[in-house]
Amino acid sequence: MEPIPRLAAALTLVALAAAACAPTRRQPPTAASAPTPTPPGARALPPEARAVWTGTASWYGEAHHRKKTASGEPFDMHALTAAHRTLPFGTRVLVTNLANGRAVEVRINDRGPVVHDRIIDLSYGAARALDAVGAGVFRVRIAVLE
């Protein structure tokens, strides 16, 4: 009587192995999991560009006015520019002052900030647009636009 239980166990194992190897049916994507279509002509952004950062910002102005930035262009304290540690030069970033909700679009043209707990250094012109000149250091949200 022993061969029949062994045969049944062997057949069960074969059936389980076959079931594990069988192709599975894919479920159609739900609205939540479906990828967002990319409009024609649009380019995908690198993963870092899709990020939004929140942190502390500061501004710099007259002491650096007309001096060469890391990108090689002269710093204009009245322009809407900023310094960031890693974003490529020319990247456009939307900066929002979290204290008052004001936002400004700036172009990255310099490296910084040198103070470790800050995420961006803005030109005087950008800080003025955010109504943050008096504060000197203020909380912001930055988002890459391109």
Filtered residues of the stretch 91-109 (kept if over 18 Å from the mean Cα position of the chain (by Cα) and of a type in the set (A, V, I, L, M))
99
What about residue 138, is it at pLDDT 95 or above and crowded, with 20+ Cβ neighbours inside 10 Å?
yes
Keeping to the stretch 71-90, report how many residues are within 19 Å of the chain's Cα centre (by Cα) and free of Cβ contacts under 8 Å to residues at least 24 places away in the same chain.
3
When only residues in the stretch 84-101 that are in contact with a Ser or Thr (Cβ under 9 Å, 6 or more places away or on another chain) and farther than 12 Å from residue 142 by Cβ count, which is surrounded by the most Cβ atoms within 10 Å (Cβ to Cβ)?
89
Taking the residues in the stretch 102-135 that are charged (D, E, K, R) and closer than 11 Å to residue 56 by Cβ as candidates, determine which candidate is surrounded by the fewest Cβ atoms within 10 Å (Cβ to Cβ).
117
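The values are calculated or read from the model by the stated rules, or taken from the named source; none is laboratory data. None of these values were measured; they are calculated from a predicted model. As a convention, Cβ positions derive from the backbone with ideal geometry for all residues, glycine included, and neighbour counts pool all protein chains shown.
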